[in-house]
Amino acid sequence: MLWRKLRSMLESCLLALLLVSFPPNAAWADKSAVADARRHYENGVRHHEAKKYAQALLDYRKALSKVRRPSIILAIAQCLRKMSQDKEALNHYLLYKQEWRRKHPNKKLRFAKEVDAHIDSLGAKVRAEELKQKLAEQKRQEALREEIERERIRRLAELDAKRKAELAAKQAREQEQQRLADKRAAEQRENREVEDQRRRKAILGYTTIGVGTAAAIVAGVLYGVAKSQGNPAHERYQASRDGKEVEMLWQDVAAANSKLIGSYAMIGVAAASFAVSIYAFVSSPEKTTATAVAIVPASDGSTLIVSGSF
């Protein structure tokens, strides 16, 4: 408590000394500017003593804009220090020393001890604050790098998942296309097999028809020859070659031959019917009933029709 009172008294003395150090109007080139600067400066001192530092700073800067003097710069530094604007206060303390040397190169710096103490104290605070800010900035940068790395990893994971999904979709499409191709190939093979089977059946049917027809013709011819040799009319005709009853016998032979031709025709029809039935059975055995028909001439000249189904 005592230290605070002593410190307040010292600051008041310093402000009084600064006010006393403000040069008289005759020492300034522009009396109007000097008057304005002095008025602003005095207002600043009053606000400073009342601890209205923001208003005091505004008055000091108005005074400095009118006349540039070291004492005004020192007052601004003091006000900034009170407002805890350490870096700006340090800069104004250093500016005060620089401006004093420029204005009074042969004079000793006024309030040098106090100014140097404030410079050291503020310098330590500024360096600590800068170090703190630097560490905070490093942490922020590190956090930002970590965030960027996490975002990069996330995007890589998304891209990888997307590529895997596209690859899976592509494989599924290829498998479906292959399945359809295999299905079409199987259908084509089945169609070819059906066509080959139908062709083989057709060939077998045509062959059966041809063979059956040829066999029927041969059988009919052989049978007709055999019957003609055993025909009584033919025998009588052969025996009567000497001219006896030739014309009558010839008529009998013609009638016998007509019957024989009819028998040949019936035999051909039976052979064709038998061949067609076999072809139908071969073409569609599960739905077709084949019928075999045989027409056999009897010994008395009539014909016998024999049929069977299977």
- Query: Can you pull out the residues in the range 111-133 that are of a type in the set (Val, Ile, Thr) and touching a Phe, Trp or Tyr at 6+ places or on another chain (Cβ under 8 Å)?
  - Reply: Val115, Ile119
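Given the condition of a type in the set (Val, Ile, Thr), outside the structural domain of Lys52 (by TED's automatic domain parsing), surrounded by 12 or more Cβ atoms within 10 Å (Cβ to Cβ) and in contact with a helix residue (DSSP H, G or I) (Cβ under 9 Å, 6 or more places away or on another chain), answer yes or no: does some residue in the range 107-125 qualify? Spell out the reasoning first.
From the range 107-125, those of a type in the set (Val, Ile, Thr) are 115, 119; that's our starting set.
Those left that are additionally outside the structural domain of Lys52 (by TED's automatic domain parsing): 115, 119.
Subset that is surrounded by 12 or more Cβ atoms within 10 Å (Cβ to Cβ): 115, 119.
Now drop any that are not in contact with a helix residue (DSSP H, G or I) (Cβ under 9 Å, 6 or more places away or on another chain), which leaves 115, 119.
Within the range 107-125, one or more residues are of a type in the set (Val, Ile, Thr), outside the structural domain of Lys52 (by TED's automatic domain parsing), surrounded by 12 or more Cβ atoms within 10 Å (Cβ to Cβ) and in contact with a helix residue (DSSP H, G or I) (Cβ under 9 Å, 6 or more places away or on another chain).
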- Message: For the range 69-86, give me each residue that is under 11 Å from Ile119 (Cα atoms) and either outside any helix (DSSP H, G or I) or within 60 Å of the chain's Cα centre (by Cα) (or both).
- Response: Asp86
- Checking Lys97 against (1) under 24 Å from Lys125 (Cα atoms); (2) crowded, with 21+ Cβ neighbours inside 10 Å, the condition it does not meet: (2)
- Of the criteria (1) of a type in the set (A, V, I, L, M, F, W, C); (2) farther than 16 Å from Leu122 by Cβ; (3) in contact with a Lys or Arg (Cβ under 7 Å, 6 or more places away or on another chain), which one Ile72 fails: (3)
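Among the hydrophobic types (A, V, I, L, M, F, W, C) and either assigned by TED's automatic domain parsing to the domain that holds Asp86 or closer than 30 Å to Gln85 by Cα (or both): does that describe Leu167? Steps first, answer last, please.
Details: among the hydrophobic types (A, V, I, L, M, F, W, C): yes; either assigned by TED's automatic domain parsing to the domain that holds Asp86 or closer than 30 Å to Gln85 by Cα (or both): no.
So Leu167 does not fit the description; no.
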- Task: Might you check whether a residue that is assigned to a loop (DSSP other than H, G, I, E, B) and modelled with pLDDT under 95 occurs anywhere in the range 87-104?
- Result: yes
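The values are calculated or read from the model by the stated rules, or taken from the named source; none is laboratory data. Bear in mind that the values here come from a model prediction, so they are computed numbers and not experimental data. Glycine also receives a Cβ, built like all others from the backbone with ideal geometry; neighbour counts cover every protein chain displayed.
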